[in-house]
């Protein structure tokens, strides 16, 4: 799998900023309560956002672009629905 940049510069800068913010906030909380595992998970997620911004590669964006469902939805824009299939709403 070739890792090519799939996010833009502005998106990368936003990811780095948000990732560093989350990482610093969670690190401050982790100092007070080092036994909390949820802080470690959040710290890893913040570090992952920083890494995505530096490398400019998002695995979820790459997965979305490889998904065949997105290609199928792009090609089927002319889906028509018969009026007989749509039933009117009757609350009684």
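Bear in mind that the values in this text are calculations on the coordinates, not laboratory data. On a predicted model such as this, the values are computed, not experimentally measured, just so you know.
By how many nm would the segment from residue 4 to residue 27 lengthen if fully extended, with 0.36 nm per residue of separation less the alpha-carbon distance? Walk me through the numbers on the way to the answer.
On the way: separation 23, 0.36 × 23 = 8.28 nm, distance 3.07 nm.
Gain on extension, residue 4 to residue 27, equals 5.2 nm.
On full extension, the segment bounded by residue 54 and residue 38 gains 3.3 nm, given 0.36 nm per residue less the C-alpha separation.
Quick check: from the Cα gyration tensor, does the range 9-68 come out rounded (a/c under 1.5), prolate or oblate? Oblate.
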